[in-house]
Amino acid sequence: LYNGEHIDTVYDNDEIMPKQNRIIVAYLRVSTDEQSVAMQRKYLEHKMKTDGINISKVVWIEEKEGVSASKNPKMTDRTEGRVLHEKLLRGELKVIYAYKLDRLFRDTAEGLTFAKLCKKLGTDIFTMETPMGVCDENGFILLTMHFMMAEVEVMKLSTRTTGGMDVQRDSGGVTTSAVFGWDVMELINEDGSPLIENDKVVKTVVP
């Protein structure tokens, strides 16, 4: 929906909303339902007050459920992300605020493509890593570097997770829920109490 060819050909028209009428949005996202957007909201409110923004006029766009940016790399893969993207395409957005760039994207290519679209439409992006925006050269360089760092961190996390699961499997541990033909059993001590290691009940799979 926002590849390079689309950016270059579709937006040069007179239907884009006049810049003085554009709105400011704040985008909030967590990866799991157990996490909270409270810290993100608190930071953004402080940042916007510092920038002289009337917070009462800011449109808050919050993913209602935990959404992984690794599994949903495009903004349009997410329920509220689609709302944000549609507002952007209609030329409604003046600025997008987000706590950090990885709240927007974890994939470098998707992040840069979206940022180029924002620049094309005159929409700036403010985050903790890009406090001065990304519409000038220095801001765009910072954005590029941080998107790449975020993607590398995802790769490292995947490697650590896979390695940990391999070790757990080799030791007879469980890395999945019960599947057809197998049961997940908790191991117990001689006195019948659960076997605890690293603050977790040790489990194994049995046919």
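The values are calculated or read from the model by the stated rules, or taken from the named source; none is laboratory data. Everything quoted here is computed from the prediction, not taken from an experiment. For neighbour counting, all protein chains shown are included, and Cβ atoms are generated from backbone atoms with ideal geometry for every residue, glycine included. SASA here: full protein model, heavy atoms, side chains in, ligands and nucleic acids out. Shrake-Rupley method; radii C 1.70, N 1.55, O 1.52, S 1.80 Å.
Just to be sure, is GLU65 surrounded by fewer than 18 Cβ atoms within 10 Å (Cβ to Cβ), under 24 Å from GLU153 (Cβ atoms) and among the acidic types (Asp, Glu)? Against the criterion (surrounded by fewer than 18 Cβ atoms within 10 Å (Cβ to Cβ), under 24 Å from GLU153 (Cβ atoms) and among the acidic types (Asp, Glu)), GLU65 qualifies. Name the single residue, out of those in segment 92-119 being β-branched (Val, Ile, Thr) and closer than 23 Å to LYS47 by Cα, that is surrounded by the fewest Cβ atoms within 10 Å (Cβ to Cβ). Among those that are β-branched (Val, Ile, Thr) and closer than 23 Å to LYS47 by Cα, it is VAL95. The single residue among GLU80, GLU110, GLU86, GLU153 that is touching a strand residue (DSSP E or B) at 6+ places or on another chain (Cβ under 8 Å) and either modelled with pLDDT under 90 or assigned to a helix (DSSP H, G or I) (or both) turns out to be GLU80. Residues of segment 120-153 that are in contact (Cβ under 8 Å) with a residue 24 or more places away in the chain, among the aliphatic types (A, V, I, L, M) and open to solvent by less than 40 Å² (accessible area, probe 1.4 Å): LEU121, ILE125, LEU143, ALA150.
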